[in-house]
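**Student:** The structure that follows is given in the form of structure tokens.
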Amino acid sequence: LLEDDPQERVSVEAAILNSRLHYYSRLMGSSDRLLSPPNHVIPPPEEIYIYSPLGIAFKVTGNDQSSKNPSIITIFAIWNTMMGTSILSMPWGIKQAGFTLGILILILIGLLMLYCCYIVLKSPKAIPNVDTSDWEFPDVCRHYFGRFGQWSSLIFSMVSLIGAMVVYWVLMSNFLFNTGQFIYNYAHNVNTSDSAFGTNGSDKVICPYPNTDPEGNCTISTRYLVNNGNDASDFHHFWSKTSTIPFYLITLLLPLLCFRSASFFARFTFLGTISVVYLIVLVTFKAVRLGFHLEFHWFDSTQIYVPEFRVLFPQLTGVLTLAFFIHNCIITLMKNNRDQKNNVRDLSVAYLLVGLTYLYVGVLIFASFPSPPLSKDCIEPNFLDNFPSNDVLVFVARTLLLFQMITVYPLLGYLVRVQVMGQIFGNHYPSFLHVLALNILIVGAGVLVARFYPNIGSIIRFSGATCSLALVFVFPALVHMISLRRQGALRWPSALFHSFLILLGAANLLAQFFM
């Protein structure tokens, strides 16, 4: 249509083509294929140009297929996206459920989450006579349930995002406290080898709360038993995990949340992969040094060991529903897969890798936790808290995770802002005051939880059970049944099974309030 000069004015032929396309687009909404432009009107890809209102056409270069990812990249993108703070709570979750029951539950929940994710992935393609190529799952919910479905999916998606941001604030306070503690002890030659209840030796493991209630669910930070003088007393007065550090983080993170764009922070997502790989190496090293300490008691508790089957197992199911949660972005991730017919296979392999990673970390930390002398009930919701602040390898892990979370936290805040402001005002950045007010609410929630209830295990299980109720169990099951019913293919075994999934999600959330 044009010569090679990109600044050349649009030719008459190009103008006529543009008018034709505008004519067809006005006949009916772009979602209706019946009145879409016929093939002879649309030029081949090599002749497509971007039409500018200034009367200039720019040729589109490159091939869409070249920007697609091979299966191996797609698989590890899903793995990297799903790997989050839940990996730190896997040993604690297995302890709460019991070793044997915990492994079985992890496998079962992983399979159920995979199946529901598969339903979400194929849901747009099950809608006939509608162009769903750029749809996400909230659009599918709006198609079936109207604005109620759209807003419900948005609200529950916000629960998962804000829950993750609260967990991040608690963990950043934890990691910053221990990092500062390590630097202070090193600078002042403070020896903490005997200052906490734990094992002796080069690989010291501590029990932050030695009198843990076997059926309880609480985390209390380590209290050092040795008084190192007035300097140490002053330091701990201004450097407290719950009283001061959550407020120090405001000065750093609140300005970052107000950035108009989050593209700068997206460059540091590779830190997540590095952190997870380092955690796996750290867990392997600690397990080799500590050895395995297992003794099987199927139903009865002892002073040192926990039974293989415990009634606290819903705490693990709540954690796992967030650990395996990727349903709100799986459609977008899979669009970039080069070979679309391998989507189900690649999704299954990704879930397998995620499940094996969780299983590896959870089983090794639980099995190698030194019992005796310590009780397995000493395993913390953040297993790094079972290692003293002067452990160099754990210090490196905490530092990596701290920098990773500082870069990811503004990204999560950006996602919250885009969805909330976009729905309410139709603009992702309506004004600085609007954005500041939203960010103050988000940061305030993190500070309050880090100050008064810094238990990441409970935060993860409640937020996971809440968001999974709608986005994993209820909406995918209902969408699947409605789609089959409209096709005349719904049978009673399928209806019974998917109704059971809805009840399972509701029971999972309800059980969290009784643990």
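The values are calculated or read from the model by the stated rules, or taken from the named source; none is laboratory data. Small disclaimer: the values here were computed from a predicted structure and weren't measured. Areas reflect the complete protein model, heavy atoms only, side chains present, ligands, DNA and RNA absent. Shrake-Rupley method; radii C 1.70, N 1.55, O 1.52, S 1.80 Å.
**Student:** In straight Cα distance, which lysines are under 26 Å from residue 376, not counting same-chain residues fewer than 8 positions off?
**Tutor:** The reachable lysines, counting only those whose Cα sits under 26 Å from residue 376, are 95, 204, 241, 286.
**Student:** If you average the C-alpha positions of the range 110-127 and of the range 441-515 separately, how far apart do those two centres end up, in angstrom?
**Tutor:** The distance from the Cα centre of the range 110-127 to that of the range 441-515 comes to 15 Å.
**Student:** I'd like to check one number: the per residue accessible area of the range 276-335, probe 1.4 Å, reported in Å² as a whole number.
**Tutor:** Heavy-atom SASA per residue in the range 276-335 reads 44 Å².
**Student:** For residue 335, which lysines qualify as cross-link partners when the Cα separation must be under 30 Å and same-chain residues fewer than eight apart are set aside?
**Tutor:** Reachable lysines: 59, 68, 122, 125.
**Student:** Next question. Order 341, 204, 335, most accessible first, counting only protein heavy atoms with a 1.4 angstrom probe.
**Tutor:** Largest accessible area first, the residues go 341, 335, 204.
**Student:** Roughly to the nearest percent, how much of the accessible area of the range 230-330 is carbon and sulfur, given a 1.4 Å probe?
**Tutor:** After summing per-atom areas, the C and S share lands at 67 percent.
**Student:** If ligands, DNA and RNA are left out, what is the accessible area of residue 396 with a 1.4 Å probe, given in Å² to the nearest 10?
**Tutor:** 50
**Student:** I'd like the per residue volume of the convex hull spanned by the Cα atoms of the range 289-345, given in cubic angstrom.
**Tutor:** Enclosed volume per residue, from the Cα hull, is 181 Å³.
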